Structure formats: C-alpha cells, structure tokens
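Each remark here refers to the structure printed beneath this line.
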Ligand code: AMP
C-alpha cells in the first residue's frame, strides 16, 4: 500500500481526505486534536509545493436544518491559525464556483471544501459512495491521500470513491494507526485483551475474533453482567443484553480459561453519581442493585494478569467513567499500565476519552483516533478505505 513518501507530489494538485469531525459547541471547536493530527500530512504537501485541497465530513446531515450546525468553516479558521497561513474555503462542494477557486490556486495554497456530507442531503451521495460524486471530486486533483482513519471502515465517495479514480496513498496519521495496530498481527505474548463498555452486542465480532488469538480477555463494564448472567448469577438491575446471553454461554463454555470476569463490583440502587455505592462480591448482589464499576479484588486480579502482559489491547471503559465514583477501575488499570511501562493500544472512543480525562492518553503506546475503525480492524474485517488504496 502506498504511503505519502511513495508519491511524486511536487507541484501537484493533491486532494487530502482529513478527519475534521471535531466536537463543536455553539459554532466553536471545543477540541482541535483532530485538526492538529492532520498537520503533518498537510505540511508535507505544502513543503512539496502542492496545491492542497482538503475534504472532510462533520457530523451527520439528514435535513436542511443540519447544514448550519455542521458547517466546516470554523475548521478553516482554526487550520489557518495552526498552519500560520491564510486558507481558502469553498462553501460549495461541487460546481463552477469551486472549480474556479481551484483554477486560481497557486503552489502551497490550501483550500478546505465545505462538509462532504452536505452532499447527503441529496440522496446520501457522499455516505453511499455515489460513483458520480467520487469521480467528480477525483477530477479536481492529480493525486489522493486518505488521512481520515475515523472513516476508513466506511465506503464513502470522499474516500473510496476518489481512490478508485486517482493514484492514492495513506497519510501519516493512518500510517501511524496501522503501524500500531500491526503490532497485533504477531503479538508479544501474553496477548491480553481488556473489554468493557456498555453492550455485548457491540463487541461480538471483536470477542469472536480475538478469543482465538488472545491469551486472556479481561471483561468489565456493563457487558460483564451479561456474561455473569450466562453463569446464572444474580445481577440485580445491572445492564443486561438479554439477546446475547446465549452467545456469552457459548464463549464461556468454549474458552473457560481465557475469559476473566469481575469477582466484585461497586453497586448502587440508582444510576447517578449522587448516591453512595458499596463494594459487593458478585454472589451478594441483590435484585435492586446495579453494578457500575469493577471492585478492588477484580482490579487486583486484572493487574496481576496485566503485569505479565507482552501487549494489551483495550476497548471500552470498565465502569461508568463519566461518574467520578465509578471511574476507579478504569483509571487504576490505566495507571497500572503506564507505571509498569506496558505496551497498550487503546481502541478509540470512550476508553481514549477516559484516558485523556485521567491524563494517560499521551503516556500509552497508542491511543487510536478511530473507535469504529479500530473495532472493525480488531474484528478482522477488511477496511474499505484501505482496500481502495491497495
Ligand atoms: P462503549 O461505547 O460500548 O465502549 O460503551 C461506553 C459506555 O459504557 C460508557 O458510556 C460507560 O458509561 C458505559 N458503561 C461502562 N460500564 C458500565 C456499567 N457497569 N453499567 C452501565 N454502563 C456502563
């Protein structure tokens, strides 16, 4: 698969698909991490005297009222600040006006085109990879770089569509993600998986794929209770994924040595941060209680496993980390990993948010920027955005 350095970029019109899907509040960017993440590839192209054309989606556009709140122009301002140069911005995602701006571009100019998903208003053209749209966008440049890891598991016109028509490569951000994830192809042993989060249903593919490859899977979070239910334990009002009890039974029966479940949990009677919680052994949970975090005995047992780990991959927090009281299990294991210099890959989404909140995000081996994309990678699926470049 081609990487940026494999491309002959000098003086070319290069289209870069970025992930500028940044969190916004009242039209203001609240976290610019994703824009900062795109700078390496953009600067490389500027230094190679390219005319740089940037595409990205922002949020979802289903109806007219979604347009204003998903306007990408604040990103152009932020990018201009970060690059320390003026940026062109096109309100139009296609047509003569856009083409005229591109015709007027000089070497080292940077243009950001409005949210690719504005094209979704008219029959989901972007998100359903409308062939005409991909071909049209490709016609605007000479080469294509995909640097949006967060959408690599989707076939959209702005990634797969364009790559079908132009010489293409992955950008530095995707390269970094793939290099980290490739550590799991031949993992250092023992290979430990930590799985938490809300529902078993979201992680079935990951469990099925990793249970054969990993040495141990440590389970926590809401999904632990469906496994415990499968063992006929009383779980009170804890989160239950009724439809997947049978799946959990099967996994537990087939891999009894590999799956570790919590022995104790922090329970309460209400799903709130205000009420007091108690630490209870699983056997002592009563019908009105719900478990919102793993308990100290479980933390200790999981730490003993982590202590020996060659590599760890972690997806999903082990408790309701949004509430101060129930982030202990997640935070303590993160701290343990960092203090013991363990090689850990955090699989995007909530676990990265939890690590960021606790100050560990930059201390782990790799914190992925794409939750959905990493999950699909861990499920062993082919990622359409990459396949198109290959
Ligand atoms: P996911 O997107 O599947 O990784 O799930 C993340 C969510 O799982 C977070 O919002 C957590 O609050 C939630 N979660 C973690 N542990 C529990 C639990 N014991 N009960 C309910 N929700 C939980």
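Hey, could you check segment 368-386 for residues that are part of a helix (DSSP H, G or I) and more than 18 Å from residue 179 (Cβ to Cβ) and say which is modelled with the highest pLDDT?
Only one residue tops the list, namely 384.
Looking at (1) surrounded by fewer than 24 Cβ atoms within 10 Å (Cβ to Cβ); (2) out of contact with any strand residue (DSSP E or B) (no Cβ under 6 Å at 6 or more places or on another chain), can you tell me which one residue 374 breaks?
Exception for residue 374: condition (1).
Based on what the data block shows, is residue 211 within 24 Å of residue 333 (Cα to Cα) and within 16 Å of the ligand (Cβ to nearest atom)?
So residue 211 does not fit the description; no.
Being touching a strand residue (DSSP E or B) at 6+ places or on another chain (Cβ under 7 Å) and more than 22 Å from residue 162 (Cα to Cα) is the requirement here; does residue 78 meet it?
yes
From the list 270, 275, 257, which residue is assigned to a loop (DSSP other than H, G, I, E, B) and within 13 Å of the ligand (Cβ to nearest atom)?
270
Just need a number here: residues in segment 317-344 that are within 12 Å of residue 294 (Cβ to Cβ) and in contact (Cβ under 8 Å) with a residue 40 or more places away in the chain.
9
Given the conditions (1) in a helix (DSSP H, G or I); (2) buried (at least 16 other Cβ atoms within 10 Å of the Cβ), and given that residue 132 satisfies all but one, which numbered condition is not satisfied?
For residue 132, the exception is condition (2).
Going by what's in this entry, would residue 337 be described as outside any helix (DSSP H, G or I) and buried (at least 20 other Cβ atoms within 10 Å of the Cβ)?
no
If you check 181, 218, which single one turns out to be within 18 Å of residue 308 (Cα to Cα), under 21 Å from the mean Cα position of the chain (by Cα) and touching a residue at least 60 places away in the same chain (Cβ under 8 Å)?
218
So which residues in segment 214-226 are within 12 Å of the ligand (Cβ to nearest atom) and not in a loop (DSSP other than H, G, I, E, B), if there are any at all?
Within segment 214-226, 219, 224, 225, 226 meet the criteria.
Do we have residue 145 as assigned by TED's automatic domain parsing to the domain that holds residue 38 and either at pLDDT 95 or above or farther than 30 Å from residue 259 by Cα (or both) here?
Against the criterion (assigned by TED's automatic domain parsing to the domain that holds residue 38 and either at pLDDT 95 or above or farther than 30 Å from residue 259 by Cα (or both)), residue 145 qualifies.
Among the residues of segment 359-374, which ones are touching a residue at least 40 places away in the same chain (Cβ under 8 Å) and more than 8 Å from the chain's Cα centre (by Cα)?
365, 366
Just to verify a result, which residue in segment 284-326, among those that are near the ligand (Cβ under 9 Å from one of its atoms) and assigned to a loop (DSSP other than H, G, I, E, B), is nearest to residue 206 (Cα to Cα)?
So the residue we want is 316.
Of all residues in segment 69-92, how many are at pLDDT 95 or above and under 26 Å from the mean Cα position of the chain (by Cα)?
Residues flagged as at pLDDT 95 or above and under 26 Å from the mean Cα position of the chain (by Cα) within segment 69-92 amount to 14.
If you go through segment 187-203 one residue at a time, do you hit one that is in the same structural domain as residue 267 (by TED's automatic domain parsing), closer than 18 Å to residue 302 by Cβ, touching a helix residue (DSSP H, G or I) at 6+ places or on another chain (Cβ under 9 Å) and assigned to a helix (DSSP H, G or I)?
yes
Suppose we filter 344, 355 for residues that are within 15 Å of the ligand (Cβ to nearest atom) and crowded, with 18+ Cβ neighbours inside 10 Å; which single one remains?
When all the criteria are applied, what remains is 355.
So which residues in segment 154-171 are closer than 21 Å to residue 380 by Cβ and surrounded by fewer than 21 Cβ atoms within 10 Å (Cβ to Cβ)?
Those that are closer than 21 Å to residue 380 by Cβ and surrounded by fewer than 21 Cβ atoms within 10 Å (Cβ to Cβ): 154, 155.
The values are calculated or read from the model by the stated rules, or taken from the named source; none is laboratory data. None of the values given here were measured: they were computed from a predicted structure. Note that each Cβ is placed from the backbone with ideal geometry, even for glycine, and that neighbours are counted across all protein chains shown.
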